[in-house]
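Here is the structure we will look at.
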Amino acid sequence: MSRKKITVVGAGHVGATTAHRIADMELGDVVLVDIVEGLPQGKALDLAESLPVVGKDVRLIGTNGYQETANSDIAVITAGVPRKPGMSRDDLLNTNTGIVQNVTQQIVKYSPNAIIIVVSNPLDAMTYVAYKVSGFPKHRVVGMAGILDTARMRSFIAEELNVSVENVSALVLGSHGDQMVPLTRYATVAGIPLSDMLPEDKIEAIVQRTRDGGAEIVRLLKAGSAYYAPSAAVVEMVEAIIKDKKKILPCAAYLEGEYGIHGVFIGVPVKLGARGIEQILEIGLTLEERAALQRSAQAVKGLIDKIQL
Ligand code: APR
């Protein structure tokens, strides 16, 4: 069996950390692409030189073009500008639309059968751009955000209860932004409902901190946004696809009637396997949760309407 090939576009914080994790997990060969001359080449070379020490056999190359990306199985798009303090993800819309459009055209040209994972923000709108520009079927375009938002919530719950992060399950749906929908009803600790473990006000505080999780990091870093947790989330998706794990994960998927939502990408539980999104799961929601998801979809629609492709 030949090794899988993963292109990561954008050799900045998220892209380089993603390449690092893919190499350390020996998931496949990595082609790192960026517009800045020398940056992807330098980071790929540095990473490649770590492999004899960590004992992993993958090939890492960096490039400013796309020829080397040909026939990739997966293309991860992290190209774009990150937030600065005080900016919302939506403020990145115009700049990142142009970048994601251009990058997607190149990916399609060289890897017509790839599965595209979008990371650039505003996430749900950028995933829509990649979908429209690529012309790929909807199961081969997916956005990373739900795993990240869920991981943030899980880490805050584990911290509050002083228990292993592995004990904590949670589910955050909706758009990656202020309108995200943390479903506390589905959060459990070693199978025990969260509501049996924590009082309502503590749960509400965790929900709020989850909503502001990205901004909290932006404020602390002052330059740039989060990348360790985002790259971990991307790589969980890459692994699920490459190993055909059929793993259920919250990801941005194109909805055509599921949850009563049409024509937008938004975070929902999906089954990720070798074919990409193999299923969209429609879980039971209360009227209130369903309304929150629909408000979230409206917010994404508002952004999409501003996009000119
Ligand atoms: N083609 C390829 N690479 C590009 C392009 C392009 N057209 N435009 C910009 N880039 C590169 C930049 O040169 C930079 O190296 O994308 C990289 C982005 O890296 P960072 O600035 O470090 O940003 P990062 O923190 O990685 O975030 C990237 O992911 O989480 C989101 O909001 C975040 O949209 C942002 C994206």
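Can you report the number of residues in segment 174-199 which are aliphatic (A, V, I, L, M) and either within 19 Å of D124 (Cα to Cα) or touching a Cys at 6+ places or on another chain (Cβ under 6 Å) (or both)? Residues that pass the stated criteria total 3. Scan segment 85-96 and tell me whether some residue there is surrounded by fewer than 17 Cβ atoms within 10 Å (Cβ to Cβ), within 11 Å of the ligand (Cβ to nearest atom), part of a loop (DSSP other than H, G, I, E, B) and not β-branched (V, I, T). Yes.
One residue stands out among those in segment 133-153 that are out of contact with any Asp or Glu (no Cβ under 8 Å at 6 or more places or on another chain) and charged (D, E, K, R): the one that is surrounded by the most Cβ atoms within 10 Å (Cβ to Cβ), which is D149. Note on segment 192-220: residues that are assigned to a helix (DSSP H, G or I) and over 20 Å from the mean Cα position of the chain (by Cα) total 13.
Against the numbered list (1) assigned to a helix (DSSP H, G or I); (2) of a type in the set (A, V, I, L, M, F, W, C); (3) in contact with a Gly (Cβ under 7 Å, 6 or more places away or on another chain), C251 comes up short only at (1). Checking Y228, Y254 one by one, the residue that is hydroxyl-bearing (S, T, Y), under 21 Å from the mean Cα position of the chain (by Cα), within 16 Å of the ligand (Cβ to nearest atom) and at pLDDT 95 or above is Y228 and no other. Note on segment 1-48: among residues that are in contact with a helix residue (DSSP H, G or I) (Cβ under 7 Å, 6 or more places away or on another chain) and charged (D, E, K, R), the one that is nearest to the ligand (Cβ to nearest atom) is D34.
Of the listed requirements (1) surrounded by fewer than 19 Cβ atoms within 10 Å (Cβ to Cβ); (2) assigned to a helix (DSSP H, G or I); (3) within 10 Å of the ligand (Cβ to nearest atom), V81 misses just one: (2). Just one residue in the set K132, K109, K138 is in contact with a Leu (Cβ under 8 Å, 6 or more places away or on another chain) and basic (K, R); that residue is K132.
In segment 60-78, the count of residues that are near the ligand (Cβ under 9 Å from one of its atoms) and crowded, with 23+ Cβ neighbours inside 10 Å is one or more.
Under the condition of being of a type in the set (A, V, I, L, M, F, W, C), assigned to a helix (DSSP H, G or I) and under 13 Å from the mean Cα position of the chain (by Cα), the residues counted in segment 101-134 number 3. On the given criteria, is T127 within 26 Å of A274 (Cβ to Cβ), within 15 Å of the ligand (Cβ to nearest atom) and among the β-branched types (V, I, T)? Yes.
Residues checked against (1) among the hydroxyl-bearing types (S, T, Y); (2) in contact (Cβ under 8 Å) with a residue 12 or more places away in the chain; (3) in contact with a Phe, Trp or Tyr (Cβ under 6 Å, 6 or more places away or on another chain):
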site: A79; (1), (2), (3): no, yes, no
site: G98; (1), (2), (3): no, no, no
site: Q101; (1), (2), (3): no, yes, no
site: I117; (1), (2), (3): no, yes, no
site: S120; (1), (2), (3): yes, yes, no
site: K132; (1), (2), (3): no, yes, no
site: F136; (1), (2), (3): no, yes, no
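The single condition from (1) more than 14 Å from the chain's Cα centre (by Cα); (2) assigned by TED's automatic domain parsing to the domain that holds I283 that H176 fails is (1). Residue count for segment 121-170, restricted to those that are assigned by TED's automatic domain parsing to the domain that holds I74, of a type in the set (S, T, Y) and closer than 20 Å to I217 by Cβ: 0. Criterion applied to D244, D196 was being on the phi > 0 side of the Ramachandran plot and either touching a residue at least 24 places away in the same chain (Cβ under 8 Å) or more than 16 Å from the ligand (Cβ to nearest atom) (or both), and the one residue passing it is D244. Selection of first residues in segment 13-42 that are within 25 Å of A240 (Cβ to Cβ) and not assigned by TED's automatic domain parsing to the domain that holds A75 and of second residues that are assigned to a helix (DSSP H, G or I) and within 10 Å of the ligand (Cβ to nearest atom), restricted to Cβ pairs under 7 Å at least 6 apart or on distinct chains, gives an empty result.
The values are calculated or read from the model by the stated rules, or taken from the named source; none is laboratory data. From a predicted model like this one, the values you see are computed outputs, not experimental measurements. Quick reminder, even Gly has a Cβ in these numbers, built from the backbone with ideal geometry, and neighbours come from all protein chains shown.
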